[in-house]
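Trainee: The structure follows.
The values are calculated or read from the model by the stated rules, or taken from the named source; none is laboratory data. What you see is a predicted model; the values in this text were computed from it and never measured. All Cβ positions, even for glycine, are placed from backbone atoms using ideal geometry, and neighbour counts span all protein chains on display. Note: areas computed on protein heavy atoms with side chains; ligands, DNA, RNA excluded. Shrake-Rupley method; radii C 1.70, N 1.55, O 1.52, S 1.80 Å.
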Amino acid sequence: MVSLPRKRFYYVRHGRTEANEQGLWCGGGWDIELSKVGIEQAKKLSSLATTLSPPIQRILTSPMLRARTTAEHLNTNLGLKIESVEDLREWHVGEWERSPWTKRLAPFSEWEHPPGGECPRAFAERIKKTIADCLQYSGTPLFVAHGAVAHVLFDQLGLGDHKIDNCVIYRVTPHPHDQSWLAEACISNEF
């Protein structure tokens, strides 16, 4: 099991896409753009992100278009270097890609293996190792990635089955008195 360094960080799921709006599976095999609403969500984050404490010092993003575009808009007022991290890519859902969302996201340990897709256990290990590696470096990072990535991460930290909305920045902090973690939505960007 990969353990994460006890370091504060921020996490945001990309802005909304047409797949989100239509209730379709959109995994690592569908490099979709943000919808008009998603672009507006991401733009709104650019001024809000400058108010965070501690300040964002690094932006690490999935290479997928929806995450990269969100990171670029969010970074408008921060002016930081955006680092693309290949292994923050969304879960490969194989034959489920572009099909109606018919499965509820149970705790990740109960997820099915999508036909022709990535084994949930392998996906979880990929995400946990990537986040752990990225947290080794100095500076308070912001991760810009995807819904399933967030579910794996929050599950690993014992934060339960959170609803991970698009373009909400979560501050994730190690609890000061025990080994647990805390997550709070510090910027809500609902439309």
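Trainee: Which members of segment 29-51 meet the condition of being of a type in the set (Gly, Ala, Ser) and either open to solvent by less than 20 Å² (accessible area, probe 1.4 Å) or in a loop (DSSP other than H, G, I, E, B) (or both)? Lay out the reasoning, then the answer.
Mentor: So the first thing to find is which residues in segment 29-51 are of a type in the set (Gly, Ala, Ser), and the list is 29, 35, 38, 42, 46-47, 49.
Passing the criteria: Gly29, Ser35, Gly38, Ala42, Ser46, Ala49.
Trainee: Shifting gears a bit: Which pairs have Cβ atoms under 6 Å, sit 6 or more apart or on different chains, and link a residue in segment 167-180 that is at negative phi to one that is among the hydroxyl-bearing types (Ser, Thr, Tyr) and open to solvent by 20 Å² or more (accessible area, probe 1.4 Å)?
Mentor: Val168/Ser188
Trainee: Suppose we filter segment 122-138 for residues that are surrounded by 13 or more Cβ atoms within 10 Å (Cβ to Cβ) and in a loop (DSSP other than H, G, I, E, B); how many remain?
Mentor: Residues in segment 122-138 being surrounded by 13 or more Cβ atoms within 10 Å (Cβ to Cβ) and in a loop (DSSP other than H, G, I, E, B): 2 in total.
Trainee: Restricting the search to segment 160-187, which residues are part of a loop (DSSP other than H, G, I, E, B) and either more than 17 Å from Val12 (Cβ to Cβ) or open to solvent by less than 30 Å² (accessible area, probe 1.4 Å) (or both)?
Mentor: Of the residues in segment 160-187, the ones part of a loop (DSSP other than H, G, I, E, B) are 160-165, 167-168, 175-180.
Of everything in segment 160-187, those that are part of a loop (DSSP other than H, G, I, E, B) and either more than 17 Å from Val12 (Cβ to Cβ) or open to solvent by less than 30 Å² (accessible area, probe 1.4 Å) (or both) turn out to be Gly160, Asp161, Ile164, Cys167, Val168, His175, Pro176, His177, Asp178, Gln179, Ser180.
Trainee: Quick one: which of Arg16, Arg8 is within 17 Å of the chain's Cα centre (by Cα), of a type outside the set (Asp, Glu) and surrounded by 19 or more Cβ atoms within 10 Å (Cβ to Cβ)?
Mentor: Working: Arg8 fails: surrounded by 19 or more Cβ atoms within 10 Å (Cβ to Cβ).
None of the others qualify; the one that does is Arg16.
Trainee: Of everything in segment 43-97, what is polar (S, T, N, Q) and within 20 Å of Ala19 (Cβ to Cβ)? Give them in sequence order. Break it down stepwise before answering.
Mentor: Pass one, segment 43-97, residues polar (S, T, N, Q): 46-47, 50-51, 53, 57, 61-62, 69-70, 75-77, 84.
Hits for segment 43-97 are Thr61, Ser62, Thr69, Thr70.
Trainee: Just one of Lys81, Lys44, Lys103 is modelled with pLDDT of 95 or more and not hydrophobic (A, V, I, L, M, F, W, C); which is it? Explain how you work it out, then say what you get.
Mentor: Details: Lys44 fails: modelled with pLDDT of 95 or more; Lys103 fails: modelled with pLDDT of 95 or more.
The match here is Lys81.
Trainee: Considering only segment 19-28, state which residues are closer than 18 Å to Trp91 by Cα and either outside any loop (DSSP other than H, G, I, E, B) or among the hydroxyl-bearing types (Ser, Thr, Tyr) (or both). Explain how you work it out, then say what you get.
Mentor: Narrowing segment 19-28 to residues closer than 18 Å to Trp91 by Cα: 19-20, 23-28.
Ala19, Asn20, Leu24, listed by residue number.
Trainee: Among (1) open to solvent by less than 70 Å² (accessible area, probe 1.4 Å); (2) closer than 18 Å to Gly15 by Cβ, where does Trp111 come up short?
Mentor: (2)
Trainee: Applying the selection to segment 19-28, what residues are over 13 Å from Arg66 (Cβ atoms) and either at pLDDT 95 or above or surrounded by fewer than 17 Cβ atoms within 10 Å (Cβ to Cβ) (or both)?
Mentor: Gln22, Gly23
Trainee: Could you say which residue among Ile82, Ile56 is touching a residue at least 60 places away in the same chain (Cβ under 8 Å), within 19 Å of Gly139 (Cβ to Cβ) and surrounded by 16 or more Cβ atoms within 10 Å (Cβ to Cβ)? Walk me through it before giving the result.
Mentor: Working: Ile82 fails: touching a residue at least 60 places away in the same chain (Cβ under 8 Å).
Selected residue: Ile56, the only one of Ile82, Ile56 that is touching a residue at least 60 places away in the same chain (Cβ under 8 Å), within 19 Å of Gly139 (Cβ to Cβ) and surrounded by 16 or more Cβ atoms within 10 Å (Cβ to Cβ).
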